[in-house]
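Heads up, the thing below is written out as structure tokens.
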Amino acid sequence: MAEYDFDIGVIGGGAAGLTVASGAAQLGVKTVLIERGPSLGGDCLHTGCVPSKTLIRTASVYHGMRRAACYGLPEVDLPPVDMGAVNRRIHEVIESIQEHDSEERFCGLGVKVLFGEARFEDDHVVDCSGKRLSARFWVLATGSAPAAPPIDGLADVDYLTNEDLFNLDRLPGSLAVIGGGPIGCEMAQAFARLGTRVTIVQRNCQLLPVEDEDMAEVVRAALMAEGVAVELCAATTGVRRVNGEIEVEFTRTGRSHTVRAEKLLVAAGRMPRVDGLGLENCGVELAGRGVKVDARLRTSRKHIFACGDVLGRYLFTHAAGYEGSIVLSNAVFRLPRKADYTWLPWCTYTDPELASVGMNEKRAVEAGVEYTVFEEPFADNDRARAEGCAEGKVKLVLDRREKPLGAQIAGPHAGELAGAWTTALNGGVGLSRMASMVMPYPTLAEINKRVAGRVLSPKLFSPKVRKTLSFLFDYKGRACTLD
């Protein structure tokens, strides 16, 4: 049997790679972790989830101060935003979380941490910036990078992506955003709340196109109410510098239009990081834009696994962590565990938020599944009314036996509220149990109980039940004896 330097080697120090490396090392497996950047944590920590949600919170506070009169408070004359100070706080938050993802912590767990570019020489040997390393198993967890769409002139302008958006020293007066997905919508609203004039240019005729149109419409309406201009069905054809600004040209129904802004944010998707890995040297195949894997997350070389954004599937930190656990089961415990995304949740952190678990109507139609829909509006939730955030709704998608296929929430704290449905659907908790839960009043969480009750109400108050009860009571309302 060949001898290797390590039992398992992990390429990529983001959520997926850290999950595998920490788990393997704590189980006594000799582990090496290679990261191309200067520190561990991946895109989520440094340029993705953490900085964007910190900025969203800052923008929310500023927005609330500007709307003080809506809550019966005196109007406040606020000074302009100091973007340098905002970004300093963002980096303070990153640094505080970095301690958990530090090199020192992982070395303490027993992981050999190396920084450099990794390239396969064969299916067991990797070159890390001139140092050759061998491992019995390898894990690809190299993440993804912002995609640069093929737009004429884009390479000639100094555009922003999530990788440099959080280093601005000054709040731009205007911002054009190419892309109406989660990143585009979140950042458009955040910058608009801070005082930037924002325009979204979206090729699709709907924002957040993977979501149901009625749910995405809740987000679009909120953005436009806050002054964000939304250009839908707008195919960007060119970008150029004009008089110190960036001009974005797009076509719609055959006519050309333009938008000018001080800064341009490109948020048109992401691409798995596979270039330079030497995958041709180890026999690992690609599928579309990402690495090809089976249900156990094994590549075309069964001792090489892949997880996280590099798969090009579900580009979420929580999905990467889950996939890392699947790799641990298969590579370390040698248990044939398969990835199951049936109840994988996700959330777009606009205000209102939009969260989804399981199938929505679009996916049900694509799957050819017969379904029904039940809804509950936040307008009927007392806590939402009290907090001034009554827009949106909860939507349940049920199969023909009225078993939940999925739940979507467009409204305040939707991501948190979706946790109840994630737990229920994963645990097989029925709607009757959801409806019978006693929730504290007043809370937003009551809305989940209410929508479950909507499904059951027609059965409870049906003519059949009324007829049955008529045998127990006489017409004067007195109880009848049953002996």
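The values are calculated or read from the model by the stated rules, or taken from the named source; none is laboratory data. None of the values given here were measured: they were computed from a predicted structure. Please note: Cβ atoms are built from the backbone with ideal geometry, for glycine as well, and neighbour counts cover all protein chains shown. For the accessible areas, the whole protein counts, side chains as well, though only heavy atoms, and no ligand, DNA or RNA atoms are used. Shrake-Rupley method; radii C 1.70, N 1.55, O 1.52, S 1.80 Å.
Do the sum for the chain: with -39,500 (n - 2.57) for every DSSP H run of n ≥ 4, divided by all residues, what is the mean residue ellipticity at 222 nm, to the nearest 500 deg cm²/dmol?
Here the helix-only value at 222 nm equals -9500 deg cm²/dmol.
I'd like the FRET efficiency for residue 57 and residue 224, computed as 1/(1 + (r/R0)^6) with the beta carbon distance as r and R0 of 30 Å, rounded to 0.05.
For R0 = 30 Å, the calculated efficiency reads 0.85.
If R₀ is 56 angstrom, what is the calculated FRET efficiency for the pair residue 70 and residue 3, using the beta carbon separation as r and rounding to 0.05?
Efficiency computed from Cβ-Cβ geometry: 0.20.
Please identify the helices of the chain, taking whole runs of DSSP H, that span at least 15 Å along their own axis as judged from the Cα atoms and have a mean Kyte-Doolittle score of 1.0 or higher. Could the numbers behind the result be given before it?
Details: long enough: 15-26 (17 Å, 0.93); 49-66 (25 Å, 0.03); 83-98 (22 Å, -0.11); 182-194 (18 Å, 0.57); 213-225 (17 Å, 0.63); 317-331 (21 Å, 0.22); 414-427 (20 Å, 0.31); 446-460 (20 Å, -0.29).
Once both thresholds are applied, nothing remains.
Of the options 261, 473, 386, report the single residue whose Cα projects farthest towards the positive end of the charge dipole of the chain (beta-carbon charges: Lys, Arg +1; Asp, Glu -1).
473
At a Förster radius of 41 Å, what calculated FRET efficiency corresponds to the Cβ-Cβ distance of residue 132 and residue 423, to the nearest 0.05? Please list the in-between numbers first.
Details: r = 46 Å, r/R0 = 1.13.
Efficiency, from the Cβ-Cβ distance: 0.30.
Rounded, prolate or oblate: which fits segment 239-398, taking a ≥ b ≥ c as square roots of the Cα gyration tensor eigenvalues, rounded meaning a/c under 1.5, else prolate when a/b beats b/c?
In terms of gyration-tensor shape, oblate.
In segment 16-129, if the dipole is taken from +1 on Lys/Arg beta carbons and -1 on Asp/Glu beta carbons about the Cα centre, which of 46, 74, 109 is farthest to the positive end?
Selected residue: 74.
When the accessible area of segment 310-442 is computed with all protein chains present and a 1.4 Å probe, what percentage of it is carbon and sulfur?
52
Starting from the Cα gyration tensor of segment 181-265, take the square roots of the eigenvalues, sort them a ≥ b ≥ c, and report rounded, prolate or oblate (rounded when a/c is under 1.5, otherwise prolate if a/b is larger than b/c, else oblate).
oblate
Can you tell me which lysines have their Cα less than 24 Å from the Cα of residue 263? Leave out same-chain residues fewer than eight positions away.
53
Any lysines with Cα under 30 Å of the residue 464 Cα? List them, leaving off those in the same chain fewer than 8 positions away.
The qualifying lysines are 395, 403, 449, 476.
Compute the label zone of residue 152 within segment 198-233: residues whose backbone N is under 15 Å from the point 7 Å along Cα-to-Cβ.
Counting only backbone N, you get no residues.
So how strong a dipole does the chain carry about its Cα centre when Lys and Arg Cβ are +1 and Asp and Glu Cβ are -1, to the nearest 20 debye?
1680
Starting from the Cα of residue 302, draw a straight line to each of the aspartates and glutamates and keep only those under 13 Å, dropping any in the same chain fewer than 8 residues away.
By straight Cα distance, residue 302 reaches 123, 285, 294.
Across the Cα atoms of segment 63-179, what radius of gyration and what greatest pairwise Cα-Cα distance (Dmax) are found, in Å?
Taking only Cα atoms of segment 63-179, I get Rg and Dmax of 22.4, 68 Å.
Using +1 at the C-beta of Lys and Arg and -1 at the C-beta of Asp and Glu, which of 374, 125, 199 has the Cα lying farthest in the positive direction of the dipole of the chain?
374
Need one number: % antiparallel among DSSP beta bridges in the chain, to the nearest 5.
60
Where a ≥ b ≥ c are the square roots of the eigenvalues of the C-alpha gyration tensor, would you call segment 7-57 rounded, which needs a/c under 1.5, or, failing that, prolate if a/b is larger than b/c, or oblate?
Here segment 7-57 falls in the prolate category.
So how strong a dipole does segment 336-446 carry about its Cα centre when Lys and Arg Cβ are +1 and Asp and Glu Cβ are -1, to the nearest 20 debye?
Using Cβ point charges on Lys, Arg, Asp and Glu, segment 336-446 gives about 500 debye.
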